[in-house]
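Structure first, then comments.
The values are calculated or read from the model by the stated rules, or taken from the named source; none is laboratory data. Keep in mind that this is a model prediction, so the values were computed, not measured. Cβ placement follows ideal geometry from the backbone for every residue including glycine, while neighbour counts extend to all protein chains displayed.
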Amino acid sequence: MNLDFSVLNGYIPYVMKGTAITLLFTLVSALFGFIWGTILSLFKISNIGPLRWFATVYTSIFRGTPLLLQLLLIYYAIPQLFQYDISPLMAAGLAFGLNSAAYLSETIRAGIQSVDRGQHEAAMSLGIPYKTMMISIILPQAVKNILPALVNECISLLKESSLVSVIGVEDLMRRANVVGADTFKYFEPLVFVAVIYYVLVLILSTVARVLERRLRRSD
């Protein structure tokens, strides 16, 4: 089969450095997506029409166009339109965060609406401000209800992060391609990177299951 994994000798540290970049990118994108997605979800349940309209249109656009297209538009359009030389990693984080927020906004909205309506009414009757009620009472319970969906979104971000290699981000996939170009053997580095992705997903899934069990015990 002409397979020779010894071609990776000397390249393993170089490829492994891409793991840190991939994890950092995933963490930043997930955090940004969660915060912006939460804001969008609040817009969707707001009594203010323009906010609901904005959140609905935003979600429709980002869910209705390919993520790769959004990534390329942000990376190439910002320098052209605003004369700002955005870095590949920043463009990738922005694109993935904005895209993730569109999906998470629906998930978080469903989580908020799954919380017993009586808790809203009780908080309002006690004179608790809306902002305090959402942050301290409603959102923690909503996050607990949608934790599996949030973990699935993080896993999707981790796997889809391989797309950032097309704009030059030195992530795992980009480094695998560099090794392939140097050695003229692509299968071995790609398999090595696939194993790293798989292990990262397993670790994330395990941590999520442990957290979910602890949350269930706290009920």
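A few comments on the model shown:
- First in region 1-16 and in a loop (DSSP other than H, G, I, E, B), second anywhere and of a type in the set (D, E, K, R), Cβ under 7 Å, 6 or more apart: LEU3/GLU188; ASP4/LYS185; ASP4/GLU188
Yes/no per residue for (1) out of contact with any Asp or Glu (no Cβ under 9 Å at 6 or more places or on another chain); (2) outside any helix (DSSP H, G or I); (3) at pLDDT below 85:
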site	(1), (2), (3)
GLU106	yes, no, no
ILE112	yes, no, no
HIS120	yes, no, yes
ILE128	yes, yes, yes
SER136	yes, no, yes
LEU139	yes, no, no
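- ARG216 vs. criteria surrounded by fewer than 16 Cβ atoms within 10 Å (Cβ to Cβ), over 24 Å from GLY33 (Cα atoms) and without any contact (Cβ under 8 Å) to a residue 12 or more places away in the chain: yes
- Residue within region 173-185 that is at pLDDT 85 or above, under 18 Å from the mean Cα position of the chain (by Cα), surrounded by 12 or more Cβ atoms within 10 Å (Cβ to Cβ) and not in a helix (DSSP H, G or I) present: no
- The set of residues in region 15-41 that are crowded, with 20+ Cβ neighbours inside 10 Å, more than 11 Å from the chain's Cα centre (by Cα) and of a type outside the set (Val, Ile, Thr) comprises GLY18, LEU40, SER41.
- Failed item in (1) of a type in the set (A, V, I, L, M, F, W, C); (2) in contact (Cβ under 8 Å) with a residue 24 or more places away in the chain; (3) exposed (fewer than 12 other Cβ atoms within 10 Å of the Cβ), with LEU69 passing the rest: (2)
- The sole residue among GLU170, GLU160, GLU188, GLU153 that is part of a loop (DSSP other than H, G, I, E, B), surrounded by 12 or more Cβ atoms within 10 Å (Cβ to Cβ) and not β-branched (Val, Ile, Thr) is GLU170.
- Contacts under 6 angstrom Cβ, first residue in region 195-211 being farther than 21 Å from GLY18 by Cβ, partner surrounded by 12 or more Cβ atoms within 10 Å (Cβ to Cβ), 6 or more apart: ALA208/VAL151
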